[in-house]
Amino acid sequence: MEMAGWGPVRDRVEVDVFREHLDDEDALVEALREHEIVVLMRERTPFRRSLLERLPALRLLITTGMRNASVDVAAATERGVVVCGTGGLATGTSELTWALVLDLARGVTKENTGLREGGPWQRTVGVDLAGARLGLLGLGRLGTQVARVGLAFGMDVLAWSQNLTEERAAEVGVKLAGSKAELLAESDFVSIHLVLSERSRGLLGADDLALMRPSAYLVNTSRGPIVDESALVDALRAGRIAGAGLDVFDVEPLPADHPFRTLPNVLATPHLGYVTQGGYRVFYRDIVEDIGAYLAGAPVRVLG
C-alpha cells in the first residue's frame with residue numbers, strides 16, 4: 001500500500017489484501033466472490049474461464065504489466081469484465097540476470113554460506129567473464145540490456161532468435177548466431193530473453209541442452225516453460241551442464257519437493273526479476289489510475 005498514493009480512490013473503494021498464494025479455485029472463489037475489482041500480481045494466479053464464470057461480481061481485472069498469459073482475456077471480455085494492465089520498469093529483470101550470472105561464475109552464495117557456517121576458506125575457483133562467450137536467446141529490450149553489460153565485461157556476445165537479423169545484432173554490437181544449435185554449442189553462458197508463446201514454449205528440450213558444453217551455465221529469467229523442465233533436471237543431475245540460474249518455473253510458487261530446491265548446481269530465486277521498489281511504484285501508481293479511470297467510466301490500458 002505504501003508504494004502508491006491511494007488518495008484518488010480511497011473514498012470509493014475498500015481494499016482487501018491477500019498476501020498468501022491461493023492455488024485452489026474453490027478457495028479463490030470464496031475469497032473473491034464479492035469483489036468488483038481484482039488486482040493480480042503478474043502471472044501467479046491464473047484467471048481461466050472456469051474461475052471467471054464463478055465470479056459474477058467481478059467487473060474490473062487489473063494485471064501488473066501489459067501482458068499476462070495466465071488470464072483468459074477473451075473469456076473475461078465475454079462476461080463484461082474489463083481487463084487492464086500497468087506500466088513497469090524494464091531494468092529489474094536484466095539486473096537480476098547479471099546477479100545470477102555473477103553468482104554462478106564466482107560462487108558468491110556458496111562462499112557466503114561456507115563463511116557463515118565456519119566451513120573451508122575459499123571453496124570455489126571462479127569462472128572469468130572477460131573473454132567468455134555469452135549466448136542470448138532473444139535480443140529485444142531485455143536481451144539488449146543484458147548484451148550491453150556483457151560487452152562491458154569484455155565478453156564475446158552471440159545472439160539468436162527466430163526473427164533476429166544480422167542488422168539488428170550489429171546495432172547492439174553483438175554477433176548473430178547462425179542457428180540456435182550454434183549458440184548453444186559455443187556459449188559459456190546462455191541467457192533466455194524471449195516472450196512465452198506457442199512458438200517459444202519448449203524451445204529448449206533435451207536435444208538442445210545436450211548441445212551445451214559441460215562447463216556451460218543456463219540462465220532463465222524469462223518464463224519457465226520455455227525450457228523443458230524435466231530435461232533440464234536430468235541434465236543438471238547428470239552434470240551435462242555446469243549449472244543453472246533460474247528465476248522462473250513451470251509451477252509457481254515452486255513445489256516444496258521440487259528438485260530445483262536441492263540440486264547443488266542450481267541457483268534459484270522466487271521470480272524476483274520485476275520485484276524492485278521502482279517497479280512496484282510504477283505498478284501501483286498505474287493500478288490506482290486504472291481503478292480511477294474505470295470508476296469514471298473511461299478505462300485505460302485495456303487489454304485484449
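Tabulated data
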quantity	calculated
The lone exception for residue 5 - which of (1) touching a His at 6+ places or on another chain (Cβ under 8 Å); (2) under 20 Å from residue 283 (Cβ atoms) it fails	(1)
Of all residues making up region 130-176, the number that are out of contact with any Leu (no Cβ under 8 Å at 6 or more places or on another chain) and closer than 23 Å to residue 214 by Cα	3
Where residue 20 falls short, out of the listed (1) surrounded by 13 or more Cβ atoms within 10 Å (Cβ to Cβ); (2) within 24 Å of the chain's Cα centre (by Cα); (3) in a loop (DSSP other than H, G, I, E, B)	(1)
Residues of region 134-178 that turn out to be of a type in the set (D, E, K, R) and under 23 Å from the mean Cα position of the chain (by Cα), as a count	2
Unmet criterion (only one of (1) among the charged types (D, E, K, R); (2) in contact (Cβ under 8 Å) with a residue 40 or more places away in the chain; (3) surrounded by fewer than 17 Cβ atoms within 10 Å (Cβ to Cβ); (4) not in a loop (DSSP other than H, G, I, E, B)) for residue 103	(3)
Checklist (1) surrounded by fewer than 16 Cβ atoms within 10 Å (Cβ to Cβ); (2) hydroxyl-bearing (Ser, Thr, Tyr); (3) not assigned by TED's automatic domain parsing to the domain that holds residue 97 applied to residue 215, failing item	(3)
Unique match (being basic (Lys, Arg) and either closer than 20 Å to residue 195 by Cα or in contact with a helix residue (DSSP H, G or I) (Cβ under 8 Å, 6 or more places away or on another chain) (or both)) among 261, 240	240
Of all residues making up region 245-266, the number that are more than 21 Å from residue 42 (Cβ to Cβ) and touching a residue at least 60 places away in the same chain (Cβ under 8 Å)	0
Filtered residue count, region 44-66, keeping only those that are of a type in the set (D, E, K, R) and at pLDDT below 95	1
Per-region count, region 186-231, residues in a helix (DSSP H, G or I) and farther than 20 Å from residue 254 by Cα	5
Test result for residue 65, touching a helix residue (DSSP H, G or I) at 6+ places or on another chain (Cβ under 7 Å), part of a loop (DSSP other than H, G, I, E, B) and under 20 Å from residue 276 (Cα atoms)	no
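The values are calculated or read from the model by the stated rules, or taken from the named source; none is laboratory data. Worth saying up front: this structure is predicted, and the values here are computed from it rather than measured. Here Cβ is always computed from backbone atoms with ideal geometry, including for glycine, and neighbour counts include all displayed protein chains.
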